[in-house]
Amino acid sequence: ATSERERDAAANNAALRQFFDTARADSAQGESPRVGRAWRAGELRQKSFDDLHGLWYTLLRERNTLLTEMEFGTFKRPERLVKVKQAMARIRTVLHERSMVHKRLQHYRLEYLALYSHLLPDDAPPQAA
């Protein structure tokens, strides 16, 4: 029978392994696997908020994995870290752009209501501010 302490240790080891890139270990010849390009801002602009959130989480885990490898001395692909950071910066840019558009639209809506509220019918539903 496995003791509770051994089960806890196994669970902790499994949790720690997620921060190491064992699935994509270097080949026997010592070559690094090919690394794809970072996401382009135009591609990210087409994604939904939920897609961006999921991608952010994936990139965050990848970045933490690479930084853990760097700390333990097994880091062999600095180009991956650069591309992950580029993609994360681009996601922040796209979300900032969306936020600015949303704020601008809210401002224009309030201006419109202030200017033209007298033209709305009396039985029109109240407009939220």
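Being closer than 16 Å to F49 by Cβ and surrounded by 13 or more Cβ atoms within 10 Å (Cβ to Cβ) holds for only one residue in V84, V101, V94, and it is V94. Each residue in region 38-66 was checked for being surrounded by 14 or more Cβ atoms within 10 Å (Cβ to Cβ) and assigned to a helix (DSSP H, G or I), and 10 pass.
T74: open to solvent by less than 70 Å² (accessible area, probe 1.4 Å), over 15 Å from the mean Cα position of the chain (by Cα) and more than 21 Å from E97 (Cβ to Cβ), yes or no? Yes, satisfied.
For region 68-98, which positions are of a type in the set (S, T, N, Q) and assigned to a helix (DSSP H, G or I)? Listed by number, the residues that qualify are T68, Q86, T93.
The values are calculated or read from the model by the stated rules, or taken from the named source; none is laboratory data. Keep in mind that this is a model prediction, so the values were computed, not measured. Methodologically, a virtual Cβ is constructed for each residue, glycine included, from the backbone with ideal geometry; neighbour enumeration extends over all protein chains shown. The area values use the complete protein model at the heavy-atom level, side chains included, leaving out ligands, DNA and RNA. Shrake-Rupley method; radii C 1.70, N 1.55, O 1.52, S 1.80 Å.
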